[in-house]
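Asker: Attaching a single structure in structure tokens format; questions to follow.
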Amino acid sequence: MSRIDNPNNLCGVICINKPRDFTSFDVIAITRRAAGTRKIGHGGTLDPMATGVLPVFIGRAAKTADLIPSLDKRYVAGFKLGLTSETEDIWGKLLTENDKSVSRDELMTAVNSMQGNIMQIPPMYSAVKVGGKKLYELARQGIEIEREARPITVHSIELLSYDEKERTGVLDIHCSKGTYIRTIISDIGAKLGTGAVMTSLQRTLSNGFTLDDCTELEAVRSMTPDDIEKLIIPTERLFSGYEKITLNAKQRKMFMNGVVLDTARMNLSYPENTDISVYDEDGTFLGTAVIDAEKGIRIKYLNVLN
């Protein structure tokens with residue numbers, strides 16, 4: 001990457017509170033113009049109707065997106081019982097209606113059954129690929145195919161509110177990457193025998209970042225690269241949960257040149273496959289590494305800015 005493309009040599013993460021009716025690509029395009037660099041990626045797509053935390057990786061930090069240890073997501077989702085749709089949300093073509101009443105206790109039983117390690121069938125209107133084609137591409141052609149259930153984890157699911165008369169409510173869901181919230185809601189509706197659709201979705205946690213870390217997209221529109229630099233969260237925060245080691249000048253030079261360091265000579269006794277954050281004696285973050293039983297300390301990500 002040239003400094004012409006990235007004039008401030010920006011590297012790190014800026015979190016955007018994505019507004020409704022914007023795609024994740026819209027957010028990337030706006031941030032790219034403000035930052036003055038093409039090297040930008042994001043941490044997990046949000047549908048246009050969804051809002052909330054969208055981490056944007058700038059510069060060489062884009063290489064870390066697949067290395068982040070915390071990939072869990074958290075959402076606040078609205079729902080309505082008594083309806084089903086093609087897309088499992090209120091914006092899709094409605095398929096059925098049901099006027100069966102559901103008590104709070106009945107709803108709680110269905111909600112609690114979704115917690116833990118479960119299998120989930122991805123919806124047809126999703127970006128999951130089958131046979132090289134995305135499911136939503138087939139769905140738009142009126143084609144529905146059998147999908148294999150995939151393992152997901154719902155760490156917690158809480159019913160924040162429920163209006164028994166209107167059969168509407170709000171859920172707080174903390175889950176693993178790849179979980180479809182609208183499918184969780186649809187499955188709850190199926191368990192109750194009423195059907196259910198998602199009516200709103202806000203992501204409150206992504207890649208270890210929360211809404212408190214976010215900047216409003218409208219504010220980013222008028223920013224310069226210097227403004228963006230002030231908002232950037234350092235790459236090292238992504239790996240704050242890793243074990244930390246400090247290298248002396250000689251070890252630093254070897255590490256930066258890709259030499260595998262001998263853990264025995266360094267008196268390190270971490271278990272195999274331990275991820276570590278690497279710093280020099282000045283406290284500068286150098287990158288991440290992994291303990292390899294055969295090779296020693298092997299580079300996983302190198303935070304080289306120049």
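The values are calculated or read from the model by the stated rules, or taken from the named source; none is laboratory data. Please read these numbers as outputs of a predicted model, since none were measured by experiment. Note that each Cβ is placed from the backbone with ideal geometry, even for glycine, and that neighbours are counted across all protein chains shown.
Asker: Filter the stretch 146-172 for residues that are within 21 Å of A127 (Cα to Cα) and of a type in the set (A, V, I, L, M); which is surrounded by the most Cβ atoms within 10 Å (Cβ to Cβ)?
Answerer: Per the stated criteria, the residue is I152.
Asker: Answer yes or no as to whether M108 is among the hydrophobic types (A, V, I, L, M, F, W, C), surrounded by fewer than 20 Cβ atoms within 10 Å (Cβ to Cβ) and within 23 Å of E216 (Cα to Cα).
Answerer: Answer is no for this residue.
Asker: Any idea which of D262, D275 is touching a strand residue (DSSP E or B) at 6+ places or on another chain (Cβ under 8 Å) and under 29 Å from I14 (Cβ atoms)?
Answerer: D275
Asker: Next up: Which residues, taken from the stretch 98-108, are touching a residue at least 12 places away in the same chain (Cβ under 8 Å) and in a helix (DSSP H, G or I)?
Answerer: Across the stretch 98-108, the qualifying residues are R104, E106, L107, M108.
Asker: On to the next question. Does T45 satisfy being surrounded by fewer than 22 Cβ atoms within 10 Å (Cβ to Cβ), of a type in the set (S, T, N, Q) and modelled with pLDDT of 90 or more?
Answerer: No: the conditions fail for T45.
Asker: Next question, about the same structure. Any residue in the stretch 85-97 that is farther than 27 Å from E144 by Cβ, among the charged types (D, E, K, R) and not in a strand (DSSP E or B)?
Answerer: No, the conditions are met nowhere in the stretch 85-97.
Asker: Which one of T96, T84, T109 is more than 14 Å from I185 (Cβ to Cβ) and in contact with a strand residue (DSSP E or B) (Cβ under 7 Å, 6 or more places away or on another chain)?
Answerer: T96
Asker: Kindly establish whether I173 is over 17 Å from G44 (Cα atoms) and among the hydrophobic types (A, V, I, L, M, F, W, C).
Answerer: It is false that I173 is over 17 Å from G44 (Cα atoms) and among the hydrophobic types (A, V, I, L, M, F, W, C).
Every residue, every condition in (1) of a type outside the set (A, V, I, L, M); (2) in contact with a helix residue (DSSP H, G or I) (Cβ under 8 Å, 6 or more places away or on another chain), yes or no:
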| position | (1), (2) |
| --- | --- |
| F25 | yes, no |
| T31 | yes, yes |
| A35 | no, yes |
| G41 | yes, yes |
| D47 | yes, no |
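Asker: Where residues in the stretch 265-295 are buried (at least 16 other Cβ atoms within 10 Å of the Cβ) and among the acidic types (D, E), which of them is nearest to S240 (Cα to Cα)?
Answerer: The qualifying residue nearest to S240 (Cα to Cα) is D275.
Asker: Quickly run through the stretch 119-134 and pick out the residues that are part of a loop (DSSP other than H, G, I, E, B) and either in contact with a Leu (Cβ under 8 Å, 6 or more places away or on another chain) or under 15 Å from L46 (Cα atoms) (or both).
Answerer: Across the stretch 119-134, the qualifying residues are P122, P123, M124, Y125, S126, A127, V128.
Asker: Something else about it: Among the residues of the stretch 69-108, count how many are over 28 Å from the mean Cα position of the chain (by Cα) and polar (S, T, N, Q).
Answerer: Summing the residues that are over 28 Å from the mean Cα position of the chain (by Cα) and polar (S, T, N, Q) in the stretch 69-108 gives 4.
Asker: In addition: Could you tell me how many of the residues in the stretch 48-71 are part of a loop (DSSP other than H, G, I, E, B) and either modelled with pLDDT under 90 or among the β-branched types (V, I, T) (or both)?
Answerer: Looking only at that region, the number is 7.
Asker: Any idea which of M223, M254 is more than 25 Å from the chain's Cα centre (by Cα) and not small (G, A, S)?
Answerer: Unique residue meeting the criteria: M254.
Asker: Where in the stretch 172-261 are the strands (runs of 3 or more DSSP E), entirely inside, with at least 1 residues that are under 25 Å from F25 (Cβ atoms), touching a residue at least 60 places away in the same chain (Cβ under 8 Å) and not basic (K, R)?
Answerer: By residue number, 196-206, 214-216.
Asker: For residues that are over 12 Å from the mean Cα position of the chain (by Cα) and β-branched (V, I, T), tally how many sit in the stretch 52-68.
Answerer: 2
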